[in-house]
Amino acid sequence: MTRNSCDSIERRRSVRTIGRTRRSVSGTYMFRGETPIPFESTLERDFLIRKAFSRDVLDVISQPVEIPFETSDGRRFTYTPDFLVYYRLGSRDYLDYPKPLLVEVKPEEQWRANWRKWLAKWKAAYRYAREQGWSFTIQDESRIRDQALTNIRFLDRFKRGAFSERESRAIVETLATMGSAPFHYLLSRHFMGIYEAEGIAHIWHLLATRRLECDISSPLNQQTTLWVPTDE
């Protein structure tokens with residue numbers, strides 16, 4: 001498939017540099033092994049892990065914009081949301097283009113305790129995003145540390161395994177011909193008897209390296225339905 005022009009962007013730069021902090025765990029996450037993206041907490045890191053796994057995500061920018069806002073008592077400040085997420089158009093029509101998403105990552109305990117204090121800056125972020133043709137959202141543990149993240153962490157242990165490319169192609173060709181099939185079918189068709197354990201790891205490896213696809217939001221097991229991704 002020819003890549004749509006909307007699937008490549010000029011990378012926006014961060015407007016603020018993240019430094020070390022004693023209040024949380026900060027660091028740098030290598031987004032898809034290529035782009036270093038700074039984070040200020042383990043929750044932000046987990047957000048990046050989820051976005052890196054998603055085929056729909058084109059790019060993530062840390063600290064993307066500074067948004068001026070005014071509090072109810074007239075004081076003026078600037079607010080920098082955590083991330084800006086760009087999505088691929090893929091096979092979707094231009095009229096169905098997924099809007100870039102401006103994101104604030106905040107633990108539930110914090111936003112519930114401070115939402116009145118932070119409401120002015122979040123309203124400003126919502127208005128700013130709407131003006132840019134984006135969306136704005138606040139994401140906490142319930143949106144990030146879910147079944148999908150559990151699955152992604154499970155698959156990570158299989159990502160760097162070494163397996164026969166000939167067998168990998170055979171598995172992919174089987175699925176391409178069938179359209180989709182459950183994990184246990186591929187296992188029984190391509191790996192018999194003493195090769196079962198290796199076959200389990202091999203199929204998870206193909207999923208971890210994105211040569212196969214599944215519903216990542218559901219628990220992974222031998223009933224999991226797999227298919228070959230077609231929207232690159």
Output the helices (runs of 4 or more DSSP H) that fall wholly within region 121-182 and possess 3 or more residues being free of Cβ contacts under 8 Å to residues at least 40 places away in the same chain and outside the structural domain of residue 54 (by TED's automatic domain parsing), or say none.
165-178
Only one of 181, 162, 208, 125 is within 23 Å of residue 86 (Cβ to Cβ) and aliphatic (A, V, I, L, M), namely 125
Per the list (1) surrounded by 14 or more Cβ atoms within 10 Å (Cβ to Cβ); (2) under 30 Å from residue 97 (Cα atoms), residue check on residue 147 breaks on (1)
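With 160, 166 as the choices, which residue is at pLDDT 95 or above and among the basic types (Lys, Arg)? So that I can check it myself, show each step before the final result.
Working: 160 fails: at pLDDT 95 or above.
The match here is 166.
So which residues in region 207-219 are assigned to a loop (DSSP other than H, G, I, E, B), touching a residue at least 60 places away in the same chain (Cβ under 8 Å) and buried (at least 18 other Cβ atoms within 10 Å of the Cβ), if there are any at all?
Of the residues in region 207-219, the ones assigned to a loop (DSSP other than H, G, I, E, B) are 209-212, 214-219.
Adding the requirement that they be touching a residue at least 60 places away in the same chain (Cβ under 8 Å) leaves 210, 216-219.
Listed by number, the list holds a single entry, 216.
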Quick one: in region 68-85, which of the residues that are of a type outside the set (Asp, Glu) and crowded, with 21+ Cβ neighbours inside 10 Å is nearest to the chain's Cα centre (by Cα)?
85
Conditions (1) surrounded by 17 or more Cβ atoms within 10 Å (Cβ to Cβ); (2) touching a strand residue (DSSP E or B) at 6+ places or on another chain (Cβ under 7 Å) -> residue 225 fails only (1)
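Of the residues 73, 59, only one is at pLDDT below 95 and outside any helix (DSSP H, G or I); which? Full working, then the answer.
Working: 59 fails: at pLDDT below 95.
Step by step, each of 73, 59 is checked, and only 73 is at pLDDT below 95 and outside any helix (DSSP H, G or I).
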Given 45, 76, which one is free of Cβ contacts under 8 Å to residues at least 12 places away in the same chain and in contact with a Phe, Trp or Tyr (Cβ under 9 Å, 6 or more places away or on another chain)?
76
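The values are calculated or read from the model by the stated rules, or taken from the named source; none is laboratory data. Just so we're clear, the structure is a prediction, and the values are computed from it rather than from any experiment. Glycine gets a Cβ as well: all are built from the backbone with ideal geometry, and neighbour counts include every protein chain shown.
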